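Novice: Okay, handing you the structure first.
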Amino acid sequence: MSAAKGLVIIGGSAGSLDAIIQLLAGLKNRHVPPIIIVLHRKTGDDSTLAELLSIKSPVPVKEADEKDPIRSDTIYIAPADYHLLVEQDHTISLDYSEKINYSRPSIDISFQTAAEAYGKSLTAILLSGANADGTEGLKAVKACGGRVIIQNPATAEVAYMPQHALEKAGADLVLNANEIPMVI
Amino acid sequence: MDFQAVNDDNISILLNDLLEIYGYDFNEYSKASLKRRINRLFTLDKFPSFAEMRYTVRTNPEYLKRFIEEITVNVTEMFRDPSFYRVLRETVLPTLGTYPFIRIWHAGCSTGEEVYSMAILLQEANLFHKSLLYATDINPGVLERASKGLFPLSHMKGHSEKYIQSGGKKDFSSYYSANYDLAKFNSELSSKMIFSTHNLVSDHSFNEFQLIICRNVLIYFDKDLQAKVFKLFEQSLDNLGYLALGSKETLRFSSVAPNFKQLGKEKIWRKMA
């Protein structure tokens, strides 16, 4: 298992918050590549997730703004009710188009655009959830030569999303949440 | 890296066609979103090849309308971000109310949900009689729908909740009548609305306004185009006029920023110079 280069992008839905908190805590105080987190949640007070995670994370966390340059040692949270897209020039775009898989942000959109922008230097990680989101995105990551990591459905809080992705897209690694920091 | 049917080169070709044949310039739109929407449409309309799509866009003006409408994002709702509308009610409208006449520009209004929201606010503030709402968009099709004041009845529950959160005190359903699966908004609301096509990329200022509302439009533009549009808005605003943007958009880094002052943490700026 080797450390990630380029960009790390993490998608999660129901039951993934604890996994993300564990994962972030495991990063300790070392240098990490840029990390984008796309998490389904109820629309509502926007910034609370970024605030919560910044308390738990040793790496600075910010809610992504449109045109943000993607920089290492920074964790970007997709804002509620916008899709987050990764541009070829390694900046972030936001988009308020139709929901996909009943979701905005959509994990598929973020994974697909990140795959095109980062190619082989992308690591995409899909966590717990009760939705089919993420599977199409992971296929794109594979097609562009990136690395696919799926949370072990057996230990994920909700197995459906990682299981679905594992069956339809496949993974380079299947890991428990506490093992994921080792590959970032 | 490209796994999509319509690749980056194809998109440059299409954008060139749009500019040369029709005068639509999408070169300064954010690339990732544009590419996704063009590929989405390619699948939706079942084109056998990129060449076929290009041919249709070049030669069929009816299809062009659909093409422009589908590659731009036309998702909007009433009273989106209720806290924003609360600030309009409590801070902006009382100030505008001191003027003899109020001109408001909804730039990129899409199907008009925000324009109707504003008309409701103006009625409730007793300012409607002296207001005019200019609603513009690049797509003639969405403007036609907006002018009819017809919206899906199934969305009314959500709109009503946001209306109440924004400080609305009335029964929201008093603003429309149900007509099968559509809600028809009272025609009085649209009596003060003027709908017109306007392209923020290429068209100039056409009036002076006390309030410009342009929410979730600039996120699709690159920085250079954003800068141009901010200049256009500055020119189109009266001194002490207001500019309102979407919840993830900011004037902060633009060259006109020194001439504006932000109202608290809402995305509303007031022109000070």
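The values are calculated or read from the model by the stated rules, or taken from the named source; none is laboratory data. Note that the coordinates shown come from a computational prediction; the quantities given were computed from them, not determined experimentally. Don't worry about glycine lacking a Cβ; one is built from the backbone with ideal geometry, like all the others, and counts go over all protein chains shown.
Novice: Within segment B:178-226, which residues are within 14 Å of chain A (Cβ to nearest Cβ) and among the acidic types (Asp, Glu)?
Specialist: The initial filter retains those residues of segment B:178-226 that are within 14 Å of chain A (Cβ to nearest Cβ), namely B:214-226.
Correct list: B:ASP222, B:ASP224.
Yes or no, residue by residue, for (1) within 14 Å of chain A (Cβ to nearest Cβ); (2) more than 18 Å from the chain's Cα centre (by Cα); (3) surrounded by 16 or more Cβ atoms within 10 Å (Cβ to Cβ):
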| site | (1), (2), (3) |
| --- | --- |
| B:VAL73 | yes, no, yes |
| B:SER83 | yes, yes, no |
| B:ARG86 | no, yes, yes |
| B:VAL92 | no, yes, yes |
| B:THR95 | no, yes, no |
| B:TYR99 | no, yes, no |
| B:ALA107 | no, no, yes |
| B:TYR116 | no, no, yes |
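Novice: Inspect all residues belonging to segment B:188-202 and state whether any of them is at pLDDT 95 or above, small (Gly, Ala, Ser) and either in a helix (DSSP H, G or I) or touching a Pro at 6+ places or on another chain (Cβ under 6 Å) (or both).
Specialist: Checked segment B:188-202: at least one residue is at pLDDT 95 or above, small (Gly, Ala, Ser) and either in a helix (DSSP H, G or I) or touching a Pro at 6+ places or on another chain (Cβ under 6 Å) (or both).
Novice: Let me ask something additional. So which residues in segment B:222-240 are of a type in the set (A, V, I, L, M, F, W, C) and touching a Ser or Thr at 6+ places or on another chain (Cβ under 7 Å), if there are any at all?
Specialist: Pass one, segment B:222-240, residues of a type in the set (A, V, I, L, M, F, W, C): B:225, B:227, B:229-230, B:232-233, B:237, B:240.
Selection gives B:ALA227, B:PHE230, B:LEU232.
Novice: Given the structure, is B:GLY149 farther than 26 Å from B:VAL92 by Cβ, under 16 Å from the mean Cα position of the chain (by Cα) and in contact (Cβ under 8 Å) with a residue 12 or more places away in the chain?
Specialist: It is false that B:GLY149 is farther than 26 Å from B:VAL92 by Cβ, under 16 Å from the mean Cα position of the chain (by Cα) and in contact (Cβ under 8 Å) with a residue 12 or more places away in the chain.
Novice: Among the residues of segment A:89-109, is there at least one that is among the charged types (D, E, K, R), out of contact with any Ser or Thr (no Cβ under 9 Å at 6 or more places or on another chain) and within 19 Å of A:GLU66 (Cβ to Cβ)?
Specialist: Of segment A:89-109, the ones among the charged types (D, E, K, R) are A:89, A:95, A:98-99, A:104, A:108.
Right, trim to out of contact with any Ser or Thr (no Cβ under 9 Å at 6 or more places or on another chain) and you get A:89, A:98.
Keeping just the survivors that are within 19 Å of A:GLU66 (Cβ to Cβ) gives A:89, A:98.
Within segment A:89-109 (the criterion being among the charged types (D, E, K, R), out of contact with any Ser or Thr (no Cβ under 9 Å at 6 or more places or on another chain) and within 19 Å of A:GLU66 (Cβ to Cβ)), the answer is yes, since at least one residue qualifies.
Novice: Given segment A:33-145, what helices (runs of 4 or more DSSP H) lie entirely inside it while holding 1 or more residues that are touching a helix residue (DSSP H, G or I) at 6+ places or on another chain (Cβ under 9 Å) and at pLDDT 95 or above? Explain how you work it out, then say what you get.
Specialist: Values: elements: A:48-56, A:107-118, A:135-143.
Filter on segment A:33-145 gives A:107-118, A:135-143.
Novice: Another question about this same structure. Looking at B:VAL256, B:VAL229, B:VAL201, can you tell me which residue is touching a Phe, Trp or Tyr at 6+ places or on another chain (Cβ under 6 Å), among the β-branched types (Val, Ile, Thr) and farther than 23 Å from B:SER117 by Cα? Give the steps one after another, and end with the answer.
Specialist: On the way: B:VAL229 fails: touching a Phe, Trp or Tyr at 6+ places or on another chain (Cβ under 6 Å); B:VAL201 fails: touching a Phe, Trp or Tyr at 6+ places or on another chain (Cβ under 6 Å).
Being touching a Phe, Trp or Tyr at 6+ places or on another chain (Cβ under 6 Å), among the β-branched types (Val, Ile, Thr) and farther than 23 Å from B:SER117 by Cα holds for just one of B:VAL256, B:VAL229, B:VAL201, which is B:VAL256.
Here is a yes/no grid of residues against (1) acidic (Asp, Glu); (2) farther than 24 Å from B:SER83 by Cα; (3) within 15 Å of the chain's Cα centre (by Cα):
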{"site": "B:GLN165", "(1), (2), (3)": "no, no, no"}
{"site": "B:ALA183", "(1), (2), (3)": "no, yes, no"}
{"site": "B:LEU200", "(1), (2), (3)": "no, yes, yes"}
{"site": "B:SER205", "(1), (2), (3)": "no, yes, no"}
{"site": "B:VAL217", "(1), (2), (3)": "no, no, yes"}
{"site": "B:PHE221", "(1), (2), (3)": "no, yes, yes"}
{"site": "B:LEU237", "(1), (2), (3)": "no, no, no"}
{"site": "B:LEU243", "(1), (2), (3)": "no, no, yes"}
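Novice: Separate question: Which condition does B:GLY112 not pass, out of (1) of a type outside the set (A, V, I, L, M, F, W, C); (2) under 15 Å from B:SER190 (Cα atoms); (3) surrounded by fewer than 20 Cβ atoms within 10 Å (Cβ to Cβ), if it passes all the others?
Specialist: Failing condition for B:GLY112: (3).
Novice: Further, regarding this structure: Within segment A:162-184, which residues are among the polar types (S, T, N, Q) and in a loop (DSSP other than H, G, I, E, B)? Talk me through it step by step, then tell me what you get.
Specialist: Here is the first cut: in segment A:162-184, the residues among the polar types (S, T, N, Q) are A:163, A:176, A:178.
Within segment A:162-184, just A:ASN176 meets the criteria.
Novice: Restricting the search to segment A:54-92, which residues are at the interface with another protein chain (Cβ under 8 Å from one of its Cβ atoms) and either in contact (Cβ under 8 Å) with a residue 40 or more places away in the chain or aliphatic (A, V, I, L, M) (or both)?
Specialist: Within segment A:54-92, A:LEU85, A:VAL86 qualify.
Novice: Being surrounded by fewer than 22 Cβ atoms within 10 Å (Cβ to Cβ) and small (Gly, Ala, Ser) is the filter here, so list the residues in segment A:79-102 that pass it.
Specialist: Matches in segment A:79-102: A:ALA80, A:SER97.
Novice: Let me ask something additional. (1) farther than 21 Å from B:LEU245 by Cα; (2) more than 10 Å from chain B (Cβ to nearest Cβ); (3) crowded, with 24+ Cβ neighbours inside 10 Å; (4) without any contact (Cβ under 8 Å) to a residue 60 or more places away in the chain: which one isn't true of A:ALA115, the others all being true?
Specialist: (2)
Novice: Which of (1) more than 18 Å from A:TYR76 (Cβ to Cβ); (2) part of a helix (DSSP H, G or I); (3) of a type in the set (A, V, I, L, M) does A:ALA156 not meet, given it meets every other one?
Specialist: (2) is the only condition that A:ALA156 fails.
Novice: Another one. Hey, can you tell me all the residues within segment B:1-53 that are facing chain A (nearest Cβ under 10 Å) and among the acidic types (Asp, Glu)?
Specialist: Selection gives B:ASP2, B:ASP8.
Novice: Looking only at segment B:237-262, filter to residues that are polar (S, T, N, Q) and in contact with a strand residue (DSSP E or B) (Cβ under 7 Å, 6 or more places away or on another chain); which one of those is nearest to the other protein chains (Cβ to nearest Cβ)? Steps first, please.
Specialist: As a first pass, look at segment B:237-262 and keep what is polar (S, T, N, Q): B:239, B:247, B:250, B:254-255, B:259, B:262.
Checking the rest, the ones that are also in contact with a strand residue (DSSP E or B) (Cβ under 7 Å, 6 or more places away or on another chain) come to B:239, B:259, B:262.
Details: B:ASN239: 29, B:ASN259: 21, B:GLN262: 15 Å.
Step by step, filter segment B:237-262, then rank; the result is B:GLN262.
Novice: Kindly list, by first and then second residue, each pair from a residue in segment B:249-273 that is over 21 Å from B:SER83 (Cα atoms) and modelled with pLDDT under 90 to a residue that is in a loop (DSSP other than H, G, I, E, B) and not aliphatic (A, V, I, L, M), limited to pairs with Cβ atoms under 9 Å and residues at least 6 apart or on different chains.
Specialist: From residues that are over 21 Å from B:SER83 (Cα atoms) and modelled with pLDDT under 90, the pairs are B:PHE253/A:LYS67.
Novice: Could you say which residue among A:LYS142, A:LYS120, A:LYS168 is farther than 17 Å from A:VAL38 by Cα, more than 13 Å from every other protein chain (Cβ to nearest Cβ) and of a type in the set (Lys, Arg)? Reasoning before the result, please.
Specialist: Working: A:LYS142 fails: more than 13 Å from every other protein chain (Cβ to nearest Cβ); A:LYS120 fails: more than 13 Å from every other protein chain (Cβ to nearest Cβ).
Checking each option against the conditions leaves just A:LYS168.
Novice: May I pose another question? Between B:GLY168, B:GLY141, which is more than 14 Å from chain A (Cβ to nearest Cβ), more than 19 Å from B:ILE268 (Cα to Cα), part of a helix (DSSP H, G or I) and of a type outside the set (D, E, K, R)?
Specialist: Of B:GLY168, B:GLY141, the one residue that is more than 14 Å from chain A (Cβ to nearest Cβ), more than 19 Å from B:ILE268 (Cα to Cα), part of a helix (DSSP H, G or I) and of a type outside the set (D, E, K, R) is B:GLY141.
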